[in-house]
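Have a look at the structure below before the remarks.
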Amino acid sequence: MSLLTAKRVALVATIAVVTITGTRLGSRAESRPANRAIGNDTSDTTETKIERAMSAGPAEIAQSAKIIDKDAKGHTVVLREGSNGFTCIPGNPNVIGDPPMCADGPSMRWAADFGAHKPKPTNTVPGITYMFAGATQRSDSDPYDKTSPPITVGPHWMIMWPFDPKTAGLPTIHRDTGAYIMWAGSPYAHLHVMGRP
């Protein structure tokens, strides 16, 4: 790891620790079954999708972020150009695990690698992903779980970088407040922080 990368990791980890220990995180997540049907809702207008995408991130980031979506064939469609290096996605509220999000470039690389089932993410610096609109997911331990009952997660943000729970001293199970390592033991382990920074 280069000195610059090591300094970036240290900075991101310091910010995370300060946030976790030094501030009150305003939102709580609830682990309860989600009552969302799986399907593809194509009835949303472009404006509705842009609003939903922007709801995922801090206003100062979302207002200048690029907004993208997928068409019915799975191709990326730009709904609005951006200027700050962040990309926001509306997700699909009818699909478990497809939440609205805003992410920087390294996080987008991480997500593309995850979606392609690559052995490990290839981002070379930590990324940040915001999911202030909440999410649904199947598991905090298995990245590719498709069968467990869905859980609803409140507003949160993540640092997309391999975190080792033993080194970080953080738990590996879902928490309603604070932070934990999601998908620990897999190459896609990352820091999951409940609430807003």
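Assorted remarks:
- Test: residue in the range 132-149 that is under 18 Å from Pro58 (Cβ atoms), surrounded by 15 or more Cβ atoms within 10 Å (Cβ to Cβ), among the charged types (D, E, K, R) and touching a Ser or Thr at 6+ places or on another chain (Cβ under 8 Å): no
- Residue list for the range 113-155, filter: among the small types (Gly, Ala, Ser) and in contact with a Leu (Cβ under 9 Å, 6 or more places away or on another chain): none
- Selected residue (only one of Ser141, Ser148 is among the polar types (S, T, N, Q) and either within 22 Å of Asp104 (Cα to Cα) or without any contact (Cβ under 8 Å) to a residue 24 or more places away in the chain (or both)): Ser148
- Test: residue in the range 170-188 that is of a type outside the set (Gly, Ala, Ser), part of a helix (DSSP H, G or I) and within 15 Å of the chain's Cα centre (by Cα): no
- Some residue of the range 101-113 being hydrophobic (A, V, I, L, M, F, W, C) and assigned to a loop (DSSP other than H, G, I, E, B): no
- Test: residue in the range 119-126 that is in contact with a Gly (Cβ under 6 Å, 6 or more places away or on another chain) and under 21 Å from Glu60 (Cβ atoms): no
- Taking the conditions (1) at pLDDT below 50; (2) not in a loop (DSSP other than H, G, I, E, B) in turn, Cys88 satisfies each one other than (1).
- Residues located in the range 94-130, provided they are over 13 Å from the mean Cα position of the chain (by Cα), under 24 Å from Ser64 (Cβ atoms) and surrounded by 18 or more Cβ atoms within 10 Å (Cβ to Cβ): Asn123
- Candidate set: the range 155-178, residues that are touching a strand residue (DSSP E or B) at 6+ places or on another chain (Cβ under 6 Å) and within 19 Å of Pro106 (Cβ to Cβ); chosen: the one surrounded by the most Cβ atoms within 10 Å (Cβ to Cβ): Met160
- Within the range 46-65, the set of residues being in a loop (DSSP other than H, G, I, E, B) and either touching a helix residue (DSSP H, G or I) at 6+ places or on another chain (Cβ under 9 Å) or without any contact (Cβ under 8 Å) to a residue 60 or more places away in the chain (or both) comprises Ser55, Ala56, Gln63, Ser64, Ala65.
The values are calculated or read from the model by the stated rules, or taken from the named source; none is laboratory data. Nothing here was measured: the structure is a model prediction, and the numbers come from that model. Please note: Cβ atoms are built from the backbone with ideal geometry, for glycine as well, and neighbour counts cover all protein chains shown.
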